[in-house]
Each structure stands twice: as C-alpha cells, then as structure tokens.
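The values are calculated or read from the model by the stated rules, or taken from the named source; none is laboratory data. Not measured: the values here are computed from a predicted model. Please note: Cβ atoms are built from the backbone with ideal geometry, for glycine as well, and neighbour counts cover all protein chains shown. In case anyone asks, the SASA skips ligands and DNA or RNA and just uses the protein heavy atoms, side chains included. Shrake-Rupley method; radii C 1.70, N 1.55, O 1.52, S 1.80 Å.
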Amino acid sequence: MVMWVFGYGSLVWNPGFAYDARLVGFVRDYRRVFYQGSTDHRGTPEFPGRTVTLEHQPGSTCWGVAYKISREQDKQTALEYLEVREKQYDEKVYLDLYTDSSPKIPEVQNMMVYLATTNKEANQNYLGPAPLEEMAKQIYLAEGPTGPNKEYLFKLEDALNKIGVVDQHVQDLATAVRKYAETI
C-alpha cells in the first residue's frame, strides 16, 4: 500500500526522505499559521521560534506538497525520520489532496499530515496567535540547532513562490520581518 505525506512547512523544500513522486496540491478547510513554537529546530526552550501548523478553518485551503512513498523500506525509514523531526507536532491526521486539475475530486485520499493542536497538555509548545509585529520580532530573533527562524520563514516563502502559491499569512510575516530588520 502506498503512503502519502503532506508538507506545508519545511517539508515543502526539504522532505529529508526518499519518495517516488511529488505532487503540488491543497487541503480543504485548513489554513497555514505560524502558531507552533519550535524549541528543537528554529528556537530554544528559553526563546522558541515560530513554525507553521494547520488551523481548521472551514472554506480555507492550504497549498503544499504531497510525497508518495511506495517501497516498504522507504515508508518505514520515512516514518521513523518524521516521528523525530515532527515530534513537537502532537497529532497526525489523514486528509485529502486536491489539485488544480482535480479541484472537486481528491487526487489523493487519506494523506498523512502532522499538525500541532491548541491542546496545551498534549502540545506544550503551542504559541497561538499574536500581533504581526510581535511574531515578526520573535521570528527575526529566534535561532535554534537547525538555524535562524527567519531562514525558515524565508525558505518557506521562496518554496511557495516556486510552486506558484501566494500565502498571505506567510507574505505578511516575511514583509514584517524584513521591516523589523531595517529598524535594528
């Protein structure tokens, strides 16, 4: 049985596992938001960075990339890798992927998606919404073992642009981070 994994953050530009096919598409009724704290990749426990998660919002869409993994060994390796990489995301859900060529009927069904919930007991790193300028300052200043938080934001912005996606939340934050950089 084939496994599909949906990337809407760093998986868009850096999956980190072997896959057979890559398909650009979107999930319905979710939007991408910088509400998840990162204390292990793009920040520290003392100063968490902000990474994206999906927030349920009827009528919204979130574009990203789905990866098809067919071989058993590749599936096992990918799952082991993702369980470590995505360990601060407390829920796995299975969603359908739609594409430009198939906007009404799912191109892929039951695709695995990691997301961070608002449940502070299960997800101690959930930060939630904040004013744009506050999030921009935090993203500009945070840095973790994987690198600066602003690098994550700019790489996401670039990766989305390369697949023809404009995400207003990502664009607004990237603009705000650049403005903040000019003030210091």
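Just a few scattered comments:
- Residues (more than 18 Å from Lys92 (Cβ to Cβ) and under 13 Å from the mean Cα position of the chain (by Cα)) located in segment 13-32: Trp13, Asn14, Phe26, Arg31
- Residue pairs meeting the criteria (Cβ under 9 Å; at least 6 apart or on separate chains; first more than 16 Å from Gly49 (Cα to Cα) and open to solvent by 40 Å² or more (accessible area, probe 1.4 Å), in segment 161-184; second assigned to a loop (DSSP other than H, G, I, E, B) and at pLDDT 95 or above): Lys162/Trp13
- Scanning segment 60-105 for residues that are part of a strand (DSSP E or B) and of a type in the set (Ser, Thr, Tyr) yields Ser60, Thr61, Tyr67, Tyr94, Tyr98, Thr99, Ser102.
- Number of positions in segment 30-59 that are assigned to a strand (DSSP E or B) and farther than 22 Å from Leu173 by Cβ: 1
- The set of residues in segment 85-126 being of a type in the set (Gly, Ala, Ser), open to solvent by less than 40 Å² (accessible area, probe 1.4 Å) and farther than 20 Å from Gln57 by Cβ consists of Ser102 alone.
- For first residues located in segment 102-119 and touching a residue at least 24 places away in the same chain (Cβ under 8 Å), partners that are of a type in the set (S, T, N, Q) and lie 6+ apart or on another chain with Cβ distances below 6 Å form the pairs Glu107/Thr99; Leu115/Thr53; Ala116/Gln36; Ala116/Thr53; Ala116/Asn123; Thr117/Asn123.
- Any hit, segment 32-39, residues being more than 14 Å from Asn149 (Cα to Cα), touching a helix residue (DSSP H, G or I) at 6+ places or on another chain (Cβ under 9 Å) and at pLDDT 95 or above: yes
- Every condition in (1) open to solvent by 70 Å² or more (accessible area, probe 1.4 Å); (2) more than 20 Å from Trp13 (Cβ to Cβ); (3) in contact (Cβ under 8 Å) with a residue 24 or more places away in the chain; (4) not in a loop (DSSP other than H, G, I, E, B) is met by Pro129 except one, and the failing one is (4).
- Residue match in segment 58-72 (condition: basic (Lys, Arg), open to solvent by less than 40 Å² (accessible area, probe 1.4 Å) and farther than 18 Å from Lys155 by Cβ): no
- Among residues that are farther than 20 Å from Tyr8 by Cβ and open to solvent by 40 Å² or more (accessible area, probe 1.4 Å), Glu151 is not included.
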